[in-house]
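A.B. asks: What follows is a structure written as structure tokens; I'll ask about it next.
The values are calculated or read from the model by the stated rules, or taken from the named source; none is laboratory data. Remember, it's a predicted structure, so these values are computed and weren't measured experimentally. Don't worry about glycine lacking a Cβ; one is built from the backbone with ideal geometry, like all the others, and counts go over all protein chains shown. Just so you know, the surface numbers come from the protein's heavy atoms only, side chains and all, with ligands and any DNA or RNA stripped out. Shrake-Rupley method; radii C 1.70, N 1.55, O 1.52, S 1.80 Å.
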Amino acid sequence: MIVRRADADDVLEAARTVAVVAEEGFLGAQPPVDLEERTERLRELVDRGHSAAGLWILEDDNGRQVGHAAIQESTPGVLGIGMAILREARGRGGGRALLAAVQDHARSTGAHKISLEVWTDNARAIALYAAAGFQVEGLRREHYRRRDGSLRSTLIMAWRVQPVREGRGAAGN
């Protein structure tokens, strides 16, 4: 799996990934996803250049786009993240690689935190985020009304940026 910063040619395929994963019920996005609108939203992240916002692409060994992570500054110093990975690409380290890329980006931009929301019943994603150092900060109980009228709850999870200290080795000396 390869993670790289997205360019304008990647946004339509990233929008298609959202549409596919939305069908599974793992995302805030609900089917049917408006591809034109989603493509434009992702294009705006790419067009911002080297700001805090951005889009990272996950490719399989054949160079096929199989997922992405999108981030934008939700409040000064806090980056909000959303991820989507196709079912056939899960469990191969791509999610962790995307998170690592975004965490590196957060450090380089001076952000102090990355925040996300995840459905309370998405145990696999919760485990991934926890393994990457994200901690639960709260619960939004029955907060999101879906098109079918159901109410969904999310965990609020966050990762605090730990600045790299000058002059300290891997052993922390």
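A.B. asks: Where both residues lie in the chain, what percent of DSSP beta bridges are antiparallel, nearest 5?
C.D. replies: Details: 32 of 35 bridges.
Within the chain, antiparallel bridges account for around 90 percent of the total.
A.B. asks: Note down the magnitude of the dipole of the range 21-90 about its Cα centre, charges +1 on Lys and Arg C-beta and -1 on Asp and Glu C-beta and zero elsewhere, to the nearest 20 debye.
C.D. replies: Numbers: 7 positive and 13 negative charges, 37 e Å.
Approximately 180 debye in magnitude.
A.B. asks: Quick check for me: using +1 on Lys/Arg Cβ and -1 on Asp/Glu Cβ, what's the dipole size of the range 1-158 about its Cα centre, in debye to the nearest 20?
C.D. replies: My answer is approximately 540 debye.
A.B. asks: Need one value: the accessible area of Ile2 in square angstrom, 1.4 angstrom probe, rounded to the nearest 10.
C.D. replies: 90 Å²
A.B. asks: Projecting each Cα onto the charge dipole of the chain (Lys/Arg +1, Asp/Glu -1 at the beta carbon, about the Cα centre), which of His143, Leu35, Ala14 comes out farthest on the positive side?
C.D. replies: His143
A.B. asks: With θ set to phi - 60° and the Karplus curve 6.51 cos²θ - 1.76 cosθ + 1.60, what are the ³J(HN,Hα) couplings of the range 66-80 in order, to the nearest whole Hz, using x for Gly and Pro?
C.D. replies: Couplings: 10, x, 6, 10, 10, 10, 8, 6, 8, 7, x, x, 10, 9, x Hz.
A.B. asks: Just need the relative contact order of the range 1-129 here, percent rounded to a whole number, with Cα pairs under 8 Å and 6+ apart.
C.D. replies: Details: 209 pairs, mean separation 32.1, N = 129.
RCO, the range 1-129: 25 percent.
A.B. asks: With charges set only on the Cβ (+1 for Lys and Arg, -1 for Asp and Glu), what does the dipole of the range 90-150 come to about its Cα centre, in debye to the nearest 20?
C.D. replies: Numbers: 11 positive and 6 negative charges, 32 e Å.
Its charge dipole is roughly 160 debye.
A.B. asks: Within 10 Å, count the other beta carbons around each residue, average over each peptide in 52-60, 34-42, and list them highest first. Before the final figure, lay out each step's value.
C.D. replies: Working: 52-60: 21.3, 34-42: 15.0.
Descending mean neighbour count gives 52-60, 34-42.
A.B. asks: Please give the peptides 11-19, 99-107 ranked by average Cβ packing (other Cβ atoms within 10 Å per residue), highest first, as a rough proxy for protection. Don't skip to the end; give the middle numbers.
C.D. replies: Working: 11-19: 20.7, 99-107: 18.7.
Highest to lowest by the protection proxy: 11-19, 99-107.
A.B. asks: Also, I was wondering about something else. By accessible area of protein heavy atoms, probe 1.4 Å, what ranking do Asp47, Asp7 get, highest first?
C.D. replies: Ranked from most to least accessible, the order is Asp47, Asp7.
A.B. asks: Lys and Arg at +1, Asp and Glu at -1: add these up for the other residues within a Cβ distance under 11 Å of Tyr144 and post the number. Can you show the working numbers first?
C.D. replies: Details: positive: Arg140, Arg141, Arg145, Arg146, Arg147, Arg152; negative: Glu117, Glu142.
Computed value for this residue: +4.
A.B. asks: Could you work out the local net charge near Val161, counting Lys and Arg as +1, Asp and Glu as -1, over the other residues with Cβ closer than 9 Å to its Cβ? Don't skip to the end; give the middle numbers.
C.D. replies: Values: positive: Arg107, Lys113, Arg160; negative: none.
Here the count lands on +3.
A.B. asks: Using a 10 Å cut-off on Cβ atoms, rank the peptides 143-154, 123-134 from the highest mean neighbour count down.
C.D. replies: Working: 143-154: 11.4, 123-134: 15.9.
Per-residue mean Cβ counts within 10 Å order the peptides as 123-134, 143-154.
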